[in-house]
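Here is the structure we will look at, set down as structure tokens.
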Amino acid sequence: GAGVSQSPSNKVTEKGKDVELRCDPISGHTALYWYRQSLGQGLEFLIYFQGNSAPDKSGLPSDRFSAERTGGSVSTLTIQRTQQEDSAVYLCASSPPGLAGEETQYFGPGTRLLVL
Amino acid sequence: GESVGLHLPTLSVQEGDNSIINCAYSNSASDYFIWYKQESGKGPQFIIDIRSNMDKRQGQRVTVLLNKTVKHLSLQIAATQPGDSAVYFCAEMAWLGKLIFGQGTELSVKP
């Protein structure tokens, strides 16, 4: 079946502009996660959704970052007033229903964001 | 604080040889660990997982070993193939689905 999809695949923006990144999870998956991967680095947790609610926002690096999920499906990560240090690959993952923290996360291909 | 780290940033092996990628974790309370493979330009791909009530788990050509005494995790790949070339990440489940990733080991397979 279809995996996690993300759009756009690449985004180039100017410093100070806002960007929106979209994630379509696997159908039926109730949990959705956002991670950030800087060049040559591991993945950094940003936020986690269970349904439409976000019980863990601890990873958001600043108040310029926000995320929402509607209808228990699509999620949007918004970065306001982008800075050059926001340049990274933003990865989305989803997992099927089950005990929290015990289900495998399946990742999308990521959105490569470059802030000039 | 919580951390998951890898002993070697790069590993080069001959095609057909076995590969062993190591990982150390610091949170003794963690009970779920995952190995991911990431090819260039792609998202991480699930390889194998293991829970803390197990010491070993085998998949197709891959084996994960967990040593809780020394908080060490390893991924063994049998008969390594060129298609195995990628960056391999270990990840530790902190809580509520939050994965803590190591920095990654780049595996290079020489023909």
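Observations on the structure shown:
- For residue B:19, the stated conditions do not hold, so it cannot be described as among the small types (Gly, Ala, Ser), open to solvent by 50 Å² or more (accessible area, probe 1.4 Å), touching a residue at least 40 places away in the same chain (Cβ under 8 Å) and farther than 18 Å from residue A:104 by Cβ.
- Leading residue by the ranking (nearest to the chain's Cα centre (by Cα)) among those in the stretch A:21-68 that are within 14 Å of another protein chain (Cβ to nearest Cβ), of a type in the set (D, E, K, R) and in a strand (DSSP E or B): A:36
- For the stretch A:1-56, the set of residues classified as of a type in the set (Lys, Arg) and surrounded by 14 or more Cβ atoms within 10 Å (Cβ to Cβ) consists of A:11, A:22, A:36, listed by residue number.
- Selection status of residue A:9, out of contact with any Cys (no Cβ under 8 Å at 6 or more places or on another chain), within 11 Å of another protein chain (Cβ to nearest Cβ) and modelled with pLDDT of 95 or more: yes
- Filter result for residue B:88 (closer than 22 Å to residue B:110 by Cβ and either free of Cβ contacts under 8 Å to residues at least 24 places away in the same chain or crowded, with 19+ Cβ neighbours inside 10 Å (or both)): yes
- Search result, residues across the stretch A:69-116 that are among the aliphatic types (A, V, I, L, M), loosely packed, with under 14 Cβ neighbours inside 10 Å and within 14 Å of another protein chain (Cβ to nearest Cβ): A:99
- Of everything listed in (1) in contact (Cβ under 8 Å) with a residue 40 or more places away in the chain; (2) under 13 Å from residue A:32 (Cβ atoms); (3) touching a Lys or Arg at 6+ places or on another chain (Cβ under 8 Å), the single unmet condition for residue A:83 is (2).
The values are calculated or read from the model by the stated rules, or taken from the named source; none is laboratory data. Fair warning: this is a prediction, and the values are worked out from it, not measured in the lab. Cβ atoms come from the backbone with ideal geometry, glycine included; neighbour counts cover every protein chain shown. What goes into the accessible areas is simple: the full protein's heavy atoms, side chains included, and nothing from ligands, DNA or RNA. Shrake-Rupley method; radii C 1.70, N 1.55, O 1.52, S 1.80 Å.
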